[in-house]
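> Below you will find the structure I want to go over with you.
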Amino acid sequence: MDKFDIKKIKEDFPILSQKVNGKRLAYLDSGATTHRPNQVLDAMVEYNKVSNGNPHRGAHQLSIRATQEYDAAKVKVKEFINAKEIEEIIFTRNTTESLNLIARSYGELINKGDEILIAITEHHSNILPWQRVAREKDAVLKYMYLDDNGRINKKEIEEKISSKTKIVSIAHMSNVLGTIHPLEEIIEYSHKMGAIVVVDGAQSIPHMKVDVQKLDADFYVFSAHKMLGPMGIGVLYGKRELLEEMPPYLLGGDMIEYVTEQDATYAPIPFKFEAGTQNVEAAVGLRAAIEYLENLGMDKIKAHEMHLMEYALDKILSIPYVNIQGPKDLESKGGIISFTIDDVHPHDTATILDSYGVAIRSGHHCAQPLMKYLGLPATSRASFYLYNTEEDVDQFIDGIKNVREWLGYGP
Ligand SMILES: Cc1ncc(COP(=O)(O)O)c(C=O)c1O
C-alpha cells in the first residue's frame, strides 16, 4: 500500500472530520497553525499520565523520566534538521521567541554603523527585533526587495550584502507569498562578506527536508505548532561557536553554574538559554510530530502539496477577477496562495468562504511593510498541508466563485 494514503491520514486528524456552518470543513489555514494527529495528542496524554515531573531538577523517578523525555525530543530535533550536536538545539516558546533571543543576545555584538539586512517579505517577528537592535546600537536596518517575478535575485543579493553587513535574517519561505528564497546563494554570499545568516524556518520546515549543515545556516528557527506539534514550543538551532559567545537572554533557574549574592556564572549551552521550567509536554508532542512527518516522508509530503498547488493554481488562474500575489508558478514556491478578488475586501472573502466551510486567512499576515510595498491593505491566503485533498480545493474554488455574487457584483 502507498504510504501516503490521504484517506488514512485524514482519519488521524479528528478535528478535520467536523462540519462547520453545516458544511464539511476544508481547512486551508495551516500557514497560521496546523492540526495535531492522534499520535501527537496521545503522546502528550501518555506523558502526563505516566512521566510528568520537573526536568533536570529532581533525583526522583518522575523528574528523571521527564528529563529523559525532554532529551529524547532534543535528539529527535537534532536528527530531523541534521544539526552536528544536541547542544546546538535550544527549546523556546516559538519562532518569535527564538528570533527575539538571537536579536537580543547576538545583537549585543553589533556595533555602531554595522548593517543588518532582512527581506521586505519578512513576518513582523523577523522585523521588530532587528529594528530595536538597530535603534539601540546605532546600526542600519536594510531590506532586500523583489524583482518583477516576486523573487530576490542575484543582483539584489550582491548589491545589498557588503562587508558592512553583520547579520542577514530571512525567512526560508514567505508566509504571505509562498516564495522560497534562494537561501544557498544568500548564505554563501553572506559568509563571503563576513556576515552570519539567521533563517526563519517557520513556514519551510513543516513542508520540506531541511539540513542545517548542508545549508550552512548559522541559526535556523521554527515553531512546533506549524508542523503538527503543539503550541508553546519552538526551536532555535545555532552553531556552537556562535551560541557560546552570546550572552544569555533570560536569567533565572536552570541556566546557572554558580550564584553568589552579587554575581553568577552561567551553565554551558544549551542550558544557558533555557531559563525556567521547560515545556516538556510540548517537547513530547514535538517529537511525536516529527516522527509522524518522518513516517510519511518529507519528500512525499512535498510532492502531495505540490500536486494540490498545481491543481489549485490551474483552477484559480482561470478566474478573471482573482489576482494572485507573488509567483504564479511552482518554481521556488511552497503551498501558499495569496490573492485578492476585484472589488472585494479580503476579510469579506474569508467570511464568505467560512460560510462554505472553507477556512482561509485574511489580513496583513503580520507583514505590513510587505503589504505597503505591494500597495495592498490586505490579501486572502489559502495554505495547504499534508491532510488537504482535491475535494478541499474544489470547495475553495466553488466558494470563490460565489464571493462576488454574494456582494451584489456580477459573476
Ligand atoms: C514566516 C513566519 N515567521 C514567524 C512566524 C511567527 O511564528 P510564531 O507565532 O509561532 O512565533 C510566523 C507565523 O505565522 C511566520 O509565518
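The values are calculated or read from the model by the stated rules, or taken from the named source; none is laboratory data. All of these numbers come straight from a predicted model, not from anything done at the bench. When we count neighbours, we look across all protein chains shown, and the Cβ atoms used for this are built from the backbone with ideal geometry, even at glycine. Each accessible area value is taken on the protein alone, full model and side chains, heavy atoms only, with ligands, DNA and RNA left out. Shrake-Rupley method; radii C 1.70, N 1.55, O 1.52, S 1.80 Å.
> Just GLY22, GLY107, GLY234 to compare: in a GNM of the chain, with alpha carbon springs under 10 Å, which one fluctuates most?
Among GLY22, GLY107, GLY234, the largest GNM mean-square fluctuation belongs to GLY22.
> Let me check I've understood the local charge: for ASN153, count other residues with C-beta under 12 angstrom from its C-beta, Lys and Arg +1, Asp and Glu -1. What total comes out?
Working: positive: ARG151, LYS154, LYS155, LYS160; negative: ASP147, ASP148, GLU156, GLU158, GLU159, GLU185.
Overall, the nearby charge balance is -2.
> Under a 10 Å cutoff between Cα atoms, tell me which one of SER169, SER105, SER318 has the largest fluctuation in the Gaussian network model of the chain.
SER318
> OK, next. How much length is gained if the chain between ASP348 and LEU251 is pulled fully straight, taking 0.36 nm per residue apart and subtracting their Cα-Cα distance, in nm to one decimal? Don't skip to the end; give the middle numbers.
Numbers: separation 97, 0.36 × 97 = 34.92 nm, distance 4.54 nm.
Full-extension gain reported as 30.4 nm.
> Moving to a separate point now. Would you please put 218-229, 182-193 in order of how densely packed they are, using the mean number of other Cβ atoms within 10 angstrom per residue and starting with the highest?
Working: 218-229: 27.4, 182-193: 17.1.
The densest-packed peptide leads the list: 218-229, 182-193.
> When N counts the residues of the stretch 196-249, how does its alpha-carbon radius of gyration compare numerically with 2.2 N^0.38 Å, as a ratio? Mind showing how you got there, number by number?
On the way: Rg = 11.9 Å, N = 54, 2.2 N^0.38 = 10.0 Å.
Dividing the Cα Rg of the stretch 196-249 by 2.2 N^0.38 Å gives 1.19.
> What's the local net charge at THR67, with K and R +1, D and E -1, over the other residues with C-beta under 12 Å away? Each step should come with its number before you reach the end.
Details: positive: ARG57, ARG65, LYS74; negative: GLU69, ASP71, ASP254.
Net of charged neighbours comes to 0.
> Let me ask something additional. For a distance above 25 Å, tell me the whole-number percent of Cα pairs in the stretch 41-294 that qualify. Could you put the intermediate results ahead of the total?
Details: 14044 of 32131 pairs.
Cα-Cα pairs of the stretch 41-294 separated by over 25 Å account for 44 percent.
> List every DSSP H helix in the chain whose Cα atoms extend 20 Å or more along the helix's own long axis and whose mean Kyte-Doolittle hydropathy is at least 0.5.
On the way: long enough: 61-81 (30 Å, -0.34); 280-296 (24 Å, 0.66); 298-316 (26 Å, -0.39); 390-406 (24 Å, -1.03).
Span-like helices in the chain: 280-296.
> Ok, one more. Using a 10 Å cut-off on Cβ atoms, rank the peptides 113-122, 280-289, 11-20 from the highest mean neighbour count down. Before the final figure, lay out the partial values.
Working: 113-122: 21.7, 280-289: 26.6, 11-20: 13.9.
Sorting 113-122, 280-289, 11-20 by mean packing, highest first, produces 280-289, 113-122, 11-20.
> Find the relative contact order for the stretch 124-208 and round it to a whole percent, using C-alpha pairs within less than 8 Å whose residues are 6+ positions apart. Let's see the in-between values first.
On the way: 89 pairs, mean separation 23.5, N = 85.
Relative contact order of the stretch 124-208: 28 percent.
> So, with +1 on the Cβ of K and R and -1 on the Cβ of D and E, and no other charges, what is the size of the charge dipole of the stretch 41-294 about its Cα centre, to the nearest 20 debye? Don't skip to the end; give the middle numbers.
On the way: 28 positive and 38 negative charges, 63 e Å.
It comes to approximately 300 debye.
> Next question, about the same structure. What part of the accessible area of the chain, given as a whole %, is carbon or sulfur when the probe is 1.4 angstrom?
Working: 8590 of 17500 Å².
The computed percentage sits at 49.
> Would you mind computing, in nm to one decimal, how far apart the modelled labels at GLU244 and ASP5 are, each placed 7 Å from Cα along Cα→Cβ?
5.0 nm
> Running a GNM on the chain with Cα contacts under 10 Å, which residue among ILE319, ILE290, ILE90 ends up with the highest mean-square fluctuation?
Between ILE319, ILE290, ILE90, it is ILE319 that shows the largest mean-square fluctuation.
> Give the accessible surface of the chain per residue, rounded to a whole number of Å², with probe radius 1.4 Å and ligands, DNA and RNA excluded.
Numbers: 17500 Å² over 411 residues.
I get 43 Å² per residue for this part.
> Check each of the GluC sites (Glu not before Pro) in the stretch 319-411 and keep only those in coil by DSSP with at most 16 other C-beta atoms within 10 angstrom; list them in order.
GLU331
> Please report the net charge: other residues with Cβ closer than 13 Å to the Cβ of ILE170, K and R +1, D and E -1.
On the way: positive: LYS142, ARG151, LYS160; negative: GLU122, GLU156, GLU184, GLU185, ASP200, ASP218.
Spelling it out: positives minus negatives among the neighbours equals -3.
> So what is the relative contact order for the stretch 41-294, in percent, with contacts set as C-alpha pairs under 8 Å and at least six apart? Before the final figure, lay out the partial values.
Details: 470 pairs, mean separation 61.6, N = 254.
With pairs under 8 Å counted, the relative contact order is 24 percent.
> Which value in nm describes the separation of the simple spin-label points at LYS112 and LYS302, placed 7 Å from the Cα toward the beta carbon?
Here the modelled spin labels are 4.6 nm apart.
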